[in-house]
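The structure follows.
The values are calculated or read from the model by the stated rules, or taken from the named source; none is laboratory data. Since we're looking at a predicted model, the values are computed, not measured. Here the Cβ is made from the backbone with ideal geometry for all residues, glycine too, and neighbour counts use every protein chain on show.
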Amino acid sequence: MYTIDRSIAIIRPKQPFLDWANQLPDAEKRVSLDDLKKDCTVVLIAECDGDQEARECISEMCLDFFEGELFSWCTHEPWWPQNRTNEMFWEWFEVEFHSIVIDPYEDGIIRKSL
């Protein structure tokens, strides 16, 4: 196992995303916020020394992440919210940062030592 020189960000939907998802014309059933938070997007980001630095790193790419989250739920772009901004991303998603990432695999095989 070895520590990767990266940090991670976990992107979790908040209430505005839930409200949007549940109002979609083709929504077959209503989902809860707990449902949306069960399997969230995890992103490798540059190694960051703290939450503020990690937040700045995510902010540089947040519109791409925003579109990825929307697309994962609805592929019909005209139904997406218009005029998406960085501020809107932070209103729609909470982001949890972690500074230590360990990779226990080498070429698909678990490594025996750190």
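Applying the selection to region 1-52, what residues are assigned to a helix (DSSP H, G or I) and buried (at least 16 other Cβ atoms within 10 Å of the Cβ)? Please lay out each step first, then the result.
So the first thing to find is which residues in region 1-52 are assigned to a helix (DSSP H, G or I), and the list is 15-23, 33-36, 51-52.
Correct list: PHE17, LEU18, TRP20, ALA21, LEU36.
From GLU87, GLU91, grab the single residue that is surrounded by fewer than 17 Cβ atoms within 10 Å (Cβ to Cβ) and in contact with a Lys or Arg (Cβ under 9 Å, 6 or more places away or on another chain).
Values: GLU87 fails: in contact with a Lys or Arg (Cβ under 9 Å, 6 or more places away or on another chain).
Answer to the selection: GLU91.
Only residues that are modelled with pLDDT under 90 and within 14 Å of GLU96 (Cβ to Cβ): list them for region 42-57, please.
CYS48, GLY50, ASP51 - these are the residues of region 42-57 that are modelled with pLDDT under 90 and within 14 Å of GLU96 (Cβ to Cβ).
Now for a separate question. Examine region 53-64 for a residue that is part of a loop (DSSP other than H, G, I, E, B) and either surrounded by 11 or more Cβ atoms within 10 Å (Cβ to Cβ) or of a type in the set (Ser, Thr, Tyr) (or both), and state whether such a residue exists. Show your work before the answer.
Start the filter on region 53-64 by keeping residues that are part of a loop (DSSP other than H, G, I, E, B), which leaves none.
Checked region 53-64: no residue is part of a loop (DSSP other than H, G, I, E, B) and either surrounded by 11 or more Cβ atoms within 10 Å (Cβ to Cβ) or of a type in the set (Ser, Thr, Tyr) (or both).
For region 2-41, what are the residues that are modelled with pLDDT of 90 or more and touching a His at 6+ places or on another chain (Cβ under 9 Å)?
Answer for region 2-41, where residues must be modelled with pLDDT of 90 or more and touching a His at 6+ places or on another chain (Cβ under 9 Å): SER7, ILE8, ALA9, ILE10, LEU24, PRO25.
What number of residues in region 70-88 are more than 14 Å from ALA27 (Cα to Cα) and outside any helix (DSSP H, G or I)?
Summing the residues that are more than 14 Å from ALA27 (Cα to Cα) and outside any helix (DSSP H, G or I) in region 70-88 gives 5.
Could you check PHE97 against (1) touching a strand residue (DSSP E or B) at 6+ places or on another chain (Cβ under 6 Å); (2) surrounded by fewer than 15 Cβ atoms within 10 Å (Cβ to Cβ) and say which number it fails?
(2)
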